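For reference, the structure is listed below as C-alpha cells.
The values are calculated or read from the model by the stated rules, or taken from the named source; none is laboratory data. This structure is a prediction, so every number in the text was calculated from the model and none was measured. Quick reminder, even Gly has a Cβ in these numbers, built from the backbone with ideal geometry, and neighbours come from all protein chains shown.
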Amino acid sequence: MNSFRDTSIQHKLTAIIMLTSSVVLLLSSAVFVFNDLISFRSSLIEKLTTLAEVIGITSASAIVFSSPEAAEETLSALEAEPHMIFACIYNKEGQVFATYPFDLAGEDLLIIESKGGDFRYKESSLEPKMATGDDYNFRKDYLDLFRPIIFDGDVLGTIYIRSGLLELYSRLKLYCGVVVIVITVLILVAYLLSSKLQRVISGPILHLKRTMKTVSQEKKYSLRAEKQSNDELGLLIDGFNEMLAQIQKEMAERKQAEEAFRESEEKYRTILESIEDAYFEVDLAGNYIFFNDSLNRILGYSPDELSGANSRQHMDKENADKLHQASQKVYGAGKSDRAFACEIIRKDGVKRQIETSLSLVGDAEGHRTGFRGVARDITEQKELEIQLSHAQKLKSIGQLAAGIAHEINTPTQYVGDNTRFFQDSFSGINQVLGKYEELLNAVKAGEIGNDLVSGVEAIVEKVDVEYLKKEIPLAIRQSIDGLDRVASIVRAMKDFSHPGVEEKISIDINKAIQNTITVARNEWKYVAEMEIAFDSTLPLVPCLPGEFNQVILNIIINASHAIRDVVGGGSEKKGIIAVNTHNLGSEVEIRIRDTGGGIPKKIRSRIFDPFFTTKAVGRGTGQGLAISHSIITEKHGGIIRFETKDGRGSTFIIRLPVENDPGQREKKDEETNPFCG
Amino acid sequence: MIIKIYRLILIAVICGTIASWVHAQPLSSREHLIKAAFLYNFAKFVDWSPESLPESNTSLILCVLGQDSFGGALESLEGKTVKGRELVVRHTTRLENLDKCHILFISASEKKRLPEILKSISKMNLLTVSDMKGFAQEGGIINLVKEGSRIRFEINLDAASLSGLIISSNLLKLAKIVRSQDRKTRK
C-alpha cells in the first residue's frame, strides 16, 4: 500500500481506473453469470417440472389402471433427454411403479438413495410427499425433482427425475471462458483508454510539479504554470501562480529590504568602525560582549584579549568604583546616563582619561541584560583644555598688560618728573650751598664782604629757595605715593596670576576679588563705576587662586564690555559694576552685576559652551565662560549661573563651597550635577 | 339432511360390509374392487358431450343394469368425484331408465338381451362397460377382461365414436382396441 501511495499520479490514476473498471466488470460478469445460472437453474427446474408433469399426465392412466409397462413406455420417451440419469414413478402407496431405464430395479434405486445418505431424501423417495407441491434438490452432479402425479384432483403417485447437470456445468465453463476473454479484452481497452485519459488529470499536475521543481531548484519565481482547464486543477494552477506571484513579490520586497538592511548595516558598521569613539556592550557583570575597534585602540588590547574581559579590569579601584556607581545608577534609573569621566589604565600602563555614556540593554521581554556605552578618550582634550586655560590666562594677562602699563606709567611719569625736578632743584640748591660755603669761609676768616652777602641773596633769589622748600616735600610725597601705587599694582598682578600655585589654598575671597578689580581697572574705569560691597565675615575658601581670579576677571571684563556696548566707549555717562560677596554658611556667594544690555534670550543656553562667542573675531576666543564654568564646577565643586534681563543687565552668581572635603563634595556633585566628576 | 344421515349410515354399513368381505373373501373381493375402481377411473378418461353432461349437472351417474356382481364394491364409489362431479351409482333392470346415465355397466346377467340393450342405447351418449367376453366386439365400448391375475380392458373405438364419446389416448394406449363384428352392418 505504501509503495502504491508513493507511485506517480499517472500510475495511480491508471491503476484506480483499471481497478475500478476491473472490479465493476468482474462484479457485473459475476452478477450476469450468477443471474444466468439462476435463471438456467430455474428454467431447468421448470423444464423438468414440465417434463414430470407431462409424464405424470401421460402415465396417470397407467397408474390408474395398474399398467407399469405403459408407464415405462411413457418413461422411455425420456431417452430423448440427453442428461436424464433416471426417472421413477411411485404409486400412491409409495411403491416403485415404473422406472427408467427399465432395468433399474427398485432395490438399486433404494441403494442409490441410501448411498446419498440423505434420510429425508430417501424417505421422500420411498414415501414421496404426494400432496405437497414440487420438491427438487440440487446435488453436485445432478438435480433431483419430485412431482406428484395428480389426475383429476387425485394424487396418483409421484414422479422422481434425476437429471445430470452437465449442461449447467458446460454452460458455466463457457461463461467463465467468455468472461475471462471479455474481461481481458475490456481491461486492455480500459488500460489503453485510461492511460490516454488519465493525462487530463495527471497532465496539469505533472506540469505543475515540473514547474514547481524548476522554481524551487532554479529559484525562478517569475515562472508560471500554464492553465489548461477551468476545473479544480485550473484553480489549483491559478492558486499556485498566485502564490508564485506573491512569493516573487515578497522575494523582491525581501531582497529590497535585505539590501536596505545590508546597506543600513554596512552604514552602521562603517560608522561604528570608523568613529573615534569606542562602542561597547557589556553584561550586567560588566564583561565585554561586543565592542568596536576604537575600544581596542583606546584600551590598547587586542579584540581577543578584550572579549569576555571585565570592563573594570582596566582601571584602578577608585575608577572601578566610579564606574560601578555609574552603572548602578543607570540600572536603577533605567535610563541612560550622560557622559562621566574616569581614568583607565592602558595595556602599556599609560593612564588615559575616558568619558563614557552608559545606557541599559534589555531583551524582548524588557529584562535588563546589560549595558551599552560609548567611550571617548578625552586625555588630549583635557590637556588641550588645560593648555587653553593657560592660553586664556596668558591672553588675559596680555590684555591686562597694556592697562596695567598705563596704570603704572602715570605714577612712573610723575615720579620721573619729580625726580628730574629734584635734579634741577638740587643744582640750584647746590649753587646756594656753594655761596653759603663761601660765606661760611668768609665768616670764619672774618672777612665778610658786602658783595658776598649780596651774592648769597642773589643766588637764593635766583634759585627760588622758598619755592623749592615748599615744592620738594610735595614732590617727594607725590613720588612716594606714585611708587606705592606702582608697588600695589605689581603686587596685585602677582597675586592675580599666582604663578606656580597648582593646589588649592585657602584664600580671602574679598582680597582676591579686590586684586582682580585692581588689575582690571583699566578695563572698566572708562565705562563703569565700581561698587564694591564685601561681606567682611567671609571665611577663607579653598581655592585655586589663579584660576578663580581668572573667572572673576572674565566676568568683570564681560561686564565692562556689556556696559560699553550700551553707553559707548569713553563717554561721560558710565554704567555700574556692582560686586558683592555674601557668607551663606557652607558656601560663599559672589554676585557681579552689570548694567549692560543683558544676554539675548536665544544664546542664554549656550554661553557656557566652549568656543561660543558673540564677540568679533580676535576679540574673544569663546573660551572664557566655558573655562570659567569648568573651573567653578569641576575644579571647585561650585555653581556658576546668571540672571539677566534684556536692557537691564546681567548678574553672574558664583557659589563656592567653604569646606574642602572631597567625599562631601562628590556626594554633593551626584545630587546636583550627576555628570560632574 | 335425512338423505345425508342415510348416506352416512349406508357408507358405514358398506364399509363394514366391504371390510368383512375383504377378510372373508379376499380373492373375489379384490377383483370386484379393481373392477369398481376401473369403472370409476374410466370416467376420468372419457369426455361426454355437453348435452348429456352439462356444466351445471353436478352428478355423474353410473348405472348398473342387471344383477350387481360387484358384491357391494360399487357402493364404495358412491360420493367420489370425477372431474369435479359426484359419482352416483344407480341399479336398474329396465332400459327405460337409462337416459340419465353416463356410464352403464351391463351385468353378465344381461348377456342374453345384450344386442337389444345395445341397440336401444346405441344413439345415447353413454359409456357402456361390461365384463362379458366379446362385449366390445358386440358393440360395447369397454370390456373388462381378465388376463391372468390382472384385469385389462378392450375398447371399441367405433362404438365409442358412435356414442359421441371421446376417449383419452392415455386410456386407449392401455387398452386392447377391438372392432365391432357387425361394424359394416351397423353403419
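Which pairs turn up if I take residues in region B:168-183 that are surrounded by 15 or more Cβ atoms within 10 Å (Cβ to Cβ) and look for partners that are at pLDDT below 85 and basic (K, R) with beta carbon separation below 8 Å, at least 6 apart in sequence or on another chain?
Cβ pairs passing all conditions: B:S180/B:R186.
When you look at B:M124, is it more than 14 Å from chain A (Cβ to nearest Cβ) and over 23 Å from B:F70 (Cα atoms), yes or no? First the steps, then the outcome.
Details: more than 14 Å from chain A (Cβ to nearest Cβ): yes; over 23 Å from B:F70 (Cα atoms): yes.
Considered against the rule, which asks whether it is more than 14 Å from chain A (Cβ to nearest Cβ) and over 23 Å from B:F70 (Cα atoms), B:M124 comes out as yes.
Within region B:122-131, is even one residue in a strand (DSSP E or B), of a type in the set (G, A, S) and within 18 Å of B:F38 (Cβ to Cβ)?
Pass one, region B:122-131, residues in a strand (DSSP E or B): B:127-130.
Checking the rest, the ones that are also of a type in the set (G, A, S) come to B:130.
From what is left, the residues that are within 18 Å of B:F38 (Cβ to Cβ) are B:130.
Yes.
Let me confirm something: among A:S43, A:S8, A:S61, A:S21, which residue is within 30 Å of B:S149 (Cα to Cα) and of a type in the set (S, T, Y)?
Only one candidate passes the filter, namely A:S61.
Considering each of A:Q381, A:Q387, A:Q431 in turn, give the residue that is closer than 30 Å to A:I472 by Cβ and out of contact with any Leu (no Cβ under 9 Å at 6 or more places or on another chain).
Just a single option satisfies the conditions, and that option is A:Q431.
Please go through region A:65-80 and pick out each residue that is facing chain B (nearest Cβ under 9 Å) and in contact with a Phe, Trp or Tyr (Cβ under 7 Å, 6 or more places away or on another chain).
A:F65
Where in region A:514-584 are the strands (runs of 3 or more DSSP E), entirely inside, with at least 3 residues that are β-branched (V, I, T) and touching a residue at least 40 places away in the same chain (Cβ under 8 Å)?
A:575-583
In this structure, is A:F496 at pLDDT 85 or above, under 26 Å from A:G637 (Cβ atoms) and assigned to a helix (DSSP H, G or I)?
In short, no.
Would you confirm, using the coordinates I've provided, whether A:F548 is farther than 19 Å from A:G637 by Cα, modelled with pLDDT of 85 or more, crowded, with 17+ Cβ neighbours inside 10 Å and among the aromatic types (F, W, Y)?
Here the answer is no, as A:F548 does not meet what is asked.
Just to be sure before I move on: is A:S302 in contact (Cβ under 8 Å) with a residue 24 or more places away in the chain and among the small types (G, A, S) in the structure I sent?
Details: in contact (Cβ under 8 Å) with a residue 24 or more places away in the chain: no; among the small types (G, A, S): yes.
For A:S302, the condition - in contact (Cβ under 8 Å) with a residue 24 or more places away in the chain and among the small types (G, A, S) - is not met.
Which of the residues spanning region B:30-58 are within 13 Å of the chain's Cα centre (by Cα) and away from every other protein chain (no Cβ under 14 Å)?
B:H32, the sole residue that qualifies.
Identify, by number, the condition in (1) crowded, with 19+ Cβ neighbours inside 10 Å; (2) outside any helix (DSSP H, G or I); (3) within 12 Å of chain A (Cβ to nearest Cβ) that B:N143 doesn't meet.
All conditions pass for B:N143, except number (3).
Which count do you get for residues in region B:135-148 that are more than 14 Å from B:I103 (Cβ to Cβ) and touching a residue at least 40 places away in the same chain (Cβ under 8 Å)?
Qualifying residue count for the region: 5.
Quick one: what pairs do we get from region B:59-84, first residue within 14 Å of another protein chain (Cβ to nearest Cβ), second hydroxyl-bearing (S, T, Y) and assigned to a helix (DSSP H, G or I), C-beta under 6 Å, 6+ apart or different chains?
Final answer for the pair search is B:L77/B:Y40.
Name the residues in region A:254-304 that are polar (S, T, N, Q) and either closer than 21 Å to A:G349 by Cβ or touching a Pro at 6+ places or on another chain (Cβ under 6 Å) (or both), would you? Even if it seems obvious, please write down each step before you answer.
Within region A:254-304, the first condition is being polar (S, T, N, Q), and the residues that meet it are A:256, A:264, A:270, A:274, A:287, A:292, A:294, A:296, A:302.
Those that are polar (S, T, N, Q) and either closer than 21 Å to A:G349 by Cβ or touching a Pro at 6+ places or on another chain (Cβ under 6 Å) (or both): A:S294, A:N296, A:S302.
Please go through (1) in a strand (DSSP E or B); (2) more than 14 Å from chain A (Cβ to nearest Cβ); (3) out of contact with any Cys (no Cβ under 8 Å at 6 or more places or on another chain); (4) not hydroxyl-bearing (S, T, Y) for B:L87 and return the number of the only condition it doesn't satisfy.
(2)
Quick one: which residue in A:A364, A:A375 is small (G, A, S) and modelled with pLDDT under 85?
Within the list A:A364, A:A375, the selection yields A:A364.
Suppose the filter is surrounded by fewer than 18 Cβ atoms within 10 Å (Cβ to Cβ), under 15 Å from A:F97 (Cβ atoms), over 60 Å from the mean Cα position of the chain (by Cα) and not aliphatic (A, V, I, L, M); does A:S76 pass it?
In short, yes.
Give the residues of region A:223-274 that are part of a loop (DSSP other than H, G, I, E, B), surrounded by fewer than 13 Cβ atoms within 10 Å (Cβ to Cβ) and of a type outside the set (D, E, K, R), sorted by residue number.
Once the filter is applied, which keeps residues that are part of a loop (DSSP other than H, G, I, E, B), surrounded by fewer than 13 Cβ atoms within 10 Å (Cβ to Cβ) and of a type outside the set (D, E, K, R), region A:223-274 yields only A:N230.
Return a yes/no flag: does region A:39-57 have any residue that is under 29 Å from A:L174 (Cβ atoms), without any contact (Cβ under 8 Å) to a residue 40 or more places away in the chain, within 13 Å of another protein chain (Cβ to nearest Cβ) and not acidic (D, E).
Looking for residues that are under 29 Å from A:L174 (Cβ atoms), without any contact (Cβ under 8 Å) to a residue 40 or more places away in the chain, within 13 Å of another protein chain (Cβ to nearest Cβ) and not acidic (D, E), one finds at least one in region A:39-57, hence yes.
Could you please find all residues in region A:551-578 being crowded, with 23+ Cβ neighbours inside 10 Å and modelled with pLDDT of 90 or more?
Result: A:I577, single match.
Can you name the number of the only condition in (1) out of contact with any helix residue (DSSP H, G or I) (no Cβ under 8 Å at 6 or more places or on another chain); (2) farther than 30 Å from A:L206 by Cα that A:T58 fails?
Checking A:T58 against (1) out of contact with any helix residue (DSSP H, G or I) (no Cβ under 8 Å at 6 or more places or on another chain); (2) farther than 30 Å from A:L206 by Cα, the one that fails is (1).
State all residues of region B:146-187 that are part of a helix (DSSP H, G or I), at pLDDT 85 or above and more than 11 Å from chain A (Cβ to nearest Cβ); if no residue qualifies, say none.
Passing the criteria: B:L157, B:D158, B:A159, B:A160, B:S161, B:L162, B:S163.
Can you name the strands (runs of 3 or more DSSP E) wholly within region A:129-204 that have at least 2 residues being among the hydrophobic types (A, V, I, L, M, F, W, C)?
The qualifying strands (runs of 3 or more DSSP E) are A:142-151, A:154-164.
Output the number of the condition that B:I117 fails; it satisfies all remaining conditions of (1) under 24 Å from B:D158 (Cα atoms); (2) under 14 Å from the mean Cα position of the chain (by Cα).
Against the list (1) under 24 Å from B:D158 (Cα atoms); (2) under 14 Å from the mean Cα position of the chain (by Cα), B:I117 comes up short only on (2).
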